[in-house]
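Beneath this line is the structure, given in C-alpha cells, with notes to follow.
The values are calculated or read from the model by the stated rules, or taken from the named source; none is laboratory data. Everything numeric here is computed off the predicted structure, so don't read it as measured data. Glycine also receives a Cβ, built like all others from the backbone with ideal geometry; neighbour counts cover every protein chain displayed.
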Amino acid sequence: MLRTILRTPVATFLIVAGVVLASMTVVTNRAAEHAAQDLGISARIDTTRLLTRSLLEPRLRDRLVEGRPQAIDNIDQRALEIGGDVVRINLWRADGTLVYSTDLALVGQKFELTPGEQRVLERGGTGYETADPDSPRNRASATSVDGLVEIYTRVRSKENGRLLFEAYYRLDDITSRREQILSVFRFNTLAPLVAMTLFAAVMLQLLTRQVRRASRERERLLRTAIEASDAERRRIARDLHDGVVQDIAGTAFTVSGLARDPAVPEASRTLLESASDSLRDGLKSLRSLLAEIHPPDLRAAGLRAALEDLTAPAASAGIAASVSVDGVEDAADASVALVWRVAQEAVRNATRHSGASTLAVTVRATAEQIVLEVVDDGVGFDPSGDRASDRFGLRGMRSLVADVGGELEVTSAVGEGTKVRMVVSRR
Amino acid sequence: MPSRLKTTLALGAALGVTTFAFASVAVAGDPPSSGRIPCKGDSTADVRLRIDVDDSGRFNVIGVVFSDDSDIWSWRMLHNDDVSYKGEVQAKAADLSFRIQRSMVDLAGTDDIVFRAVNQTTNEVCRAEVVVD
C-alpha cells in the first residue's frame, strides 16, 4: 500500500521537492547565519569605534602609554562607566604590555599579541576574533572568556602614541541577534516556496488524474479495437475453414479417388495424381494460413495438431519438421496458448532465417511446469550481437513469458543452430 | 639649661612632631588607614586617609579633613607620586569636615597613596599617606 502511494507522481514530486527545500533551507540558513553574524559583529564594531572616539581618545595621553598610575586610575574611572554588551576591555601597548584591563590583575603584564592585533596596531582599522580560552592572557584572567568575541581597533594619544583598544562582547548576544534576523529571513524565504510546492502538488494531482483517465480511455479503445480485429479474423478463418477448406478437401478426395480408378486412362491418372498432390499442399498451406490469421481455440488436447499446422510451412520449405507433445493433458489453457505463441514465433524465425534442414518442436510437462523447446540445425547467430534478440522477434515473447513468471532462453552460436527453450507454470 | 640646648631640643621636638604627622604609615590589617593626623601650620584641623580594598582589584580611597572653618580647600590624591585626582572643596558639613572618596587601581607591587589638602585662606597643610603592599 505504502509502496503504491510512494510510486505516484505526486508522492515522487513531494519527496523531491522536500529534498530540494531541505537543501535550500540548509544552504540559505548557512548564508543567512553568516550574514546575520556579520551584521551582529558589525554592530559591535560600531560600538567599539564609538567607545574609542567618545570615551577614550579625547583624553588619551602618553601617560597611559607609559603606564602611569594616574592615567590608569583615570581610564579605570571611565571604563567603569561602560556597560551594555561590553564584558571586558583591554588597552595594549605595541610591545604586548597590557597597560590597562578591566581585569585589573592583568594590568602591567605582558602577553603576545595575535597577528590580527599586530596588524591593526600597525596599519589601523578594526579586527575581531573569537576569544581563545586557552591563550595565556585569557588563562591568566579571572573572567571566563567562553563565548566571547574580541573586537579591537587602534587608538592614538594626543602625543601620537599608539595603543590597541580591545573590547570583549558576548557571542550569545550576537547569536540572539542573528536568530532574530534569521527567523524573519527563514519565513520570507521558505514560506512562499512551501506554498508554491503545495500548489504544484495539487496541480500535479489534477493533471495526473486527467492523464490516467485519458490512459484508461485509450486502453479501452485499444482493447475494443483488438477485440474487433480478433472477431473479424475469427470470422474470416471460420468462413475459410467451413467453405474453401472443405471444398478443397472434398475436391482433393475426389481427384485422389479418380487417380486410383483403373477405368481412367493411365496418362489421365498421372495428371489426376499430380493435381491431387497440389490440392493437398494447397490445403496444408491454407490451414497454416488459418492458424496464422487466427490461432485455433487452443486447449491441451489440440496442442499437437496446432503445432503440426505451425510446422507445415517448414516442410514446404524443405525442412524436416517434427512435433512431439507429452504430458500436457490437463494443463491450463493460458499456459497452452503461451506455448503455442512462443512456438509460433520460434518456428517462424527458423523457417525464415535459419536455413535449417531439421526443426524439432518438443513439449513435455512435469507436475508443475511445461517445457517447450524449438531446436533447429541452421546457421545460428551470435547472441552477443547488438540486435540478436530483436532480429529474431523474441523480445516481445520474452516479456510475455516473464509476465506470467516463466523463463525464455535462446541459445545459439554461429553455424551451430538455435535452441529456444521456454519454461512456464502448468497452472 | 643653655639656650642653645633649649633651641636644639625645641627643634628636635618640632621635627619629631612633624615627622610623626607626615610619616608614611605602613599599614597591616583591614582597612589600611593613616589614623587621624594633625595638620601642619597654625591649625586645629586633622586629616585621615583610609583605603578600602575591594575584590575587583580597586582601592576605595577615602580622605577626610576634620576642619574648624568653612574655608575653601584644595586637595590632591597621589598614587605612586602621580596626581590621580585633584579639586577644591568647601567644608559644609555640620562639623565643618569634608570627605573625598575616589577609586584607584591596585597596581602590581607597592601602592603609595597620599591625600593632601591645603586651606587656601590659612595655608594649613594636611597630609596623610598610606602604603599598601
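Below is a table of values for the structure above.
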| item | result |
| --- | --- |
| Residue that is surrounded by the fewest Cβ atoms within 10 Å (Cβ to Cβ) [pool: residues in the range A:60-79 that are part of a loop (DSSP other than H, G, I, E, B) and within 11 Å of chain B (Cβ to nearest Cβ)] | A:Glu66 |
| From B:Val125, B:Val65, B:Val114, residue being surrounded by fewer than 19 Cβ atoms within 10 Å (Cβ to Cβ), among the hydrophobic types (A, V, I, L, M, F, W, C) and farther than 19 Å from A:Ala105 by Cα | B:Val125 |
| Search result, residues across the range A:289-326 that are in contact with a Leu (Cβ under 7 Å, 6 or more places away or on another chain) and assigned to a helix (DSSP H, G or I) | A:Leu290, A:Ala291, A:Ala306, A:Thr311, A:Ala314 |
| Qualifying residue in the range B:29-50 (condition: within 14 Å of chain A (Cβ to nearest Cβ), under 21 Å from A:Leu80 (Cβ atoms) and part of a strand (DSSP E or B)) | no |
| Residues (in contact with an Asp or Glu (Cβ under 6 Å, 6 or more places away or on another chain), more than 12 Å from B:Ala128 (Cα to Cα) and in contact (Cβ under 8 Å) with a residue 60 or more places away in the chain) located in the range B:32-44 | B:Gly41, B:Ser43 |
| First in the range B:78-96 and within 8 Å of chain A (Cβ to nearest Cβ) and without any contact (Cβ under 8 Å) to a residue 12 or more places away in the chain, second anywhere and assigned to a strand (DSSP E or B) and crowded, with 16+ Cβ neighbours inside 10 Å, Cβ under 8 Å, 6 or more apart | B:Val83/B:Arg76; B:Val83/B:Met77 |
| Strands (runs of 3 or more DSSP E) (entirely within the range A:89-186) containing at least 3 residues that are among the aliphatic types (A, V, I, L, M) | A:148-156, A:162-170 |
| Complete set of residues in the range B:110-133 that are within 14 Å of chain A (Cβ to nearest Cβ) and polar (S, T, N, Q) | B:Thr110 |
| Which numbered condition A:Gly83 fails, given (1) free of Cβ contacts under 8 Å to residues at least 12 places away in the same chain; (2) facing chain B (nearest Cβ under 10 Å) | (2) |
| Within the range B:97-109, considering residues that are facing another protein chain (nearest Cβ under 7 Å) and crowded, with 16+ Cβ neighbours inside 10 Å, the one farthest from B:Val47 (Cα to Cα) | B:Leu107 |
| Lone unmet requirement of (1) modelled with pLDDT under 85; (2) more than 14 Å from every other protein chain (Cβ to nearest Cβ) for B:Ser56 | (2) |
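Per-residue answers, yes or no, for (1) modelled with pLDDT of 85 or more; (2) in contact with a helix residue (DSSP H, G or I) (Cβ under 6 Å, 6 or more places away or on another chain); (3) surrounded by 14 or more Cβ atoms within 10 Å (Cβ to Cβ):
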| site | (1), (2), (3) |
| --- | --- |
| A:Pro115 | yes, no, no |
| A:Glu122 | yes, no, no |
| A:Gly127 | yes, yes, yes |
| A:Ser135 | yes, no, yes |
| A:Ile151 | yes, yes, yes |
| A:Arg154 | yes, yes, yes |
